[in-house]
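Structure, as structure tokens:
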Amino acid sequence: KSDSDTYSCDIGDAQSRAKLVVQEKPLLFKQELQNEEAKEGKQVKLTCELSKPGAPVKWMKGDAVLHASEKYEFKQHGTVAELIIRDVKSTDA
């Protein structure tokens, strides 16, 4: 995308110009989240893989956006995004 710009070929007395527009590939899941089962009080990790590294990820439980806390930890390494849920309870299902 950063290569989008106007380019020119200059031969002194004349110049030719062209505009390059680079369309970004859509962001997709290479690996989607998988269902998990965990015993109460344990920790669980949910993982997905994206088609682009560093893509912004928003974790949600139902319609509620999750925020980093002692309960929830977010990690992102290249194309892999992880949600760690600590001390799971039945209400986390």
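Two decimals is fine: what is log10 I(q)/I(0) at q = 0.17, 0.18, 0.32 Å⁻¹ for segment 1-44, from a Debye sum with one equal scatterer on every Cα and no solvent? Each listed q corresponds, in turn, to -0.72, -0.75, -1.08. Ratio of Rg to Rh for the chain: 1.32 [Cα atoms; Kirkwood radius as inverse mean 1/r over pairs]. What the chain shows is 82 Å² of accessible area per residue, with the surface traced by a 1.4 Å probe over protein heavy atoms. Taking all Cα pairs closer than 8 Å and separated by 6 or more residues, the relative contact order of segment 29-92 comes to 39 percent. With all protein chains in place and a 1.4 Å probe, the accessible surface of the chain carries 49 percent carbon and sulfur.
The values are calculated or read from the model by the stated rules, or taken from the named source; none is laboratory data. Quick caveat: nothing in here was measured; it's all calculated off a predicted structure. These accessible areas exclude ligands, DNA and RNA; they are computed on the full protein's heavy atoms, side chains included. Shrake-Rupley method; radii C 1.70, N 1.55, O 1.52, S 1.80 Å.
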